[in-house]
1. If you check Arg45 against the conditions, is it modelled with pLDDT of 90 or more, part of a helix (DSSP H, G or I) and charged (D, E, K, R)?
2. Please specify each residue of region 52-73 satisfying the condition of being in a loop (DSSP other than H, G, I, E, B), under 9 Å from the mean Cα position of the chain (by Cα) and in contact (Cβ under 8 Å) with a residue 40 or more places away in the chain.
3. Filter region 63-76 for residues that are crowded, with 19+ Cβ neighbours inside 10 Å and of a type in the set (A, V, I, L, M, F, W, C); which is nearest to Gly10 (Cα to Cα)?
4. Among the residues of region 27-36 satisfying the criterion of being more than 24 Å from Gly6 (Cβ to Cβ) and hydrophobic (A, V, I, L, M, F, W, C), which is modelled with the highest pLDDT?
5. Being surrounded by fewer than 18 Cβ atoms within 10 Å (Cβ to Cβ) and either part of a helix (DSSP H, G or I) or of a type in the set (Ser, Thr, Tyr) (or both) is the filter here, so list the residues in region 17-27 that pass it.
6. Please work out which one of (1) at pLDDT 80 or above; (2) loosely packed, with under 15 Cβ neighbours inside 10 Å; (3) of a type outside the set (Ser, Thr, Tyr) is the condition Gly6 fails and give its number.
7. Which ones in region 44-56 are out of contact with any Gly (no Cβ under 6 Å at 6 or more places or on another chain) and surrounded by 14 or more Cβ atoms within 10 Å (Cβ to Cβ)?
8. Which pairs do you get when a residue that is part of a helix (DSSP H, G or I), found in region 1-16, comes within reach of a residue that is of a type in the set (S, T, N, Q) and surrounded by fewer than 19 Cβ atoms within 10 Å (Cβ to Cβ), reach meaning Cβ atoms under 8 angstrom, with the pair 6+ apart or on two chains?
Amino acid sequence: MKLLLGTLSGLLVSVIFGCFIFKFLTHINPIENFNIFNYGALSGRALSLGAIPNIGLFYLFLNKENYFSARGVILSFILIGLFVLFA
């Protein structure tokens with residue numbers, strides 16, 4: 001259960017910050033009609049840059065001694081990497 005919490009929170013943080021970066025780079029609102037998925041290469045770059053705040057989330061879980069959630073954040077890094085690789 002805690003692994004799922006860490007994975008979902010890592011993916012959520014990455015998508016939120018990725019949308020902010022996408023909006024900053026293209027001045028297109030990525031939330032309307034999920035436009036972020038129509039721009040494959042740019043969305044991969046935005047989501048990979050959006051994954052940077054996950055490092056803070058990872059250390060937050062480590063400091064709280066919630067190791068399974070920290071593993072979930074690492075799993076979200078892997079899932080984002082696979083998305084960037086294949087998108």
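1. No.
2. Pro53
3. In this case the residue turns out to be Val73.
4. Ile28
5. Phe20, Lys23, Phe24, Leu25, Thr26
6. For Gly6, the failing item is (2).
7. Once the filter is applied, which keeps residues that are out of contact with any Gly (no Cβ under 6 Å at 6 or more places or on another chain) and surrounded by 14 or more Cβ atoms within 10 Å (Cβ to Cβ), region 44-56 yields Gly44, Arg45, Ser48, Leu49, Ala51, Pro53.
8. Between residues of region 1-16 that are part of a helix (DSSP H, G or I) and residues that are of a type in the set (S, T, N, Q) and surrounded by fewer than 19 Cβ atoms within 10 Å (Cβ to Cβ), the close pairs are Lys2/Asn66; Gly6/Asn66.
The values are calculated or read from the model by the stated rules, or taken from the named source; none is laboratory data. In this text, all values refer to a predicted model and were calculated from it rather than measured experimentally. Cβ: placed from backbone, ideal geometry, glycine included. Neighbour counts: every protein chain shown.
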